[in-house]
1. Whole-Hz ³J(HN,Hα) for each residue in the range 59-72, computed from phi via Karplus 6.51 cos²θ - 1.76 cosθ + 1.60 with θ = phi - 60°, x for glycine and proline: what do you get?
2. Stretched out fully, how many nm does the piece from Ala115 to Asp94 gain, at 0.36 nm a residue minus the Cα gap?
3. Can you list the aspartates and glutamates whose alpha carbon sits under 14 Å from that of Lys61, skipping same-chain ones fewer than 8 residues off?
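Derivation of every value follows stated rules applied to the coordinates shown; laboratory data play no part. The shown structure was predicted, so the numbers you read here are calculated from the model rather than taken from an experiment.
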Amino acid sequence: MQTTLKFRKIALLSALSVLVIAAGCGKQHGKSGAKKVSSVTAAADSAAAATKVPFALKEGKRLYSQYCGVCHGETGDGSGQYYGLTPTPANFTDKAFMKTLPDEVIFKAINEGSASVGKSNMCPPWGKSFHSEEIEFIVAYIRTLAGS
């Protein structure tokens, strides 16, 4: 009896294996298969891009809060903990002012210090403290403070 049961299990597993192999070999990899692969790849790429943007802004906010918010204010309005600074820190919430600043200028001001872009020397150069990607994250976050 056990021999018969064992034989049935082996036969069933063999039949299932053959079906699985046959189903896999029967797929057509013509143009429609390539289209499916490329659409899956495109979907994965867009999902990766969508998750990277929030990380960049989240990290930019974290760095801004820790290093920049003390002077520029948590909301970016220039009224940080060190009030009374002369000249006052830039107001990143002023849309008209922010439209005049290209990202490259903000990046350079953070990287080399605000004096490198003709502003006061009160803001230190952070280039040796941050990687360029981190500075890009901060710039991206600063852009959100003016609603752009």
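1. 5, x, 5, 4, 5, 4, 4, 6, 10, 9, x, 4, 9, 7
2. Net length gain for the segment: 5.5 nm.
3. Once the sequence-local aspartates and glutamates are set aside, what remains near Lys61 is Glu74, Glu133, Glu134, Glu136.
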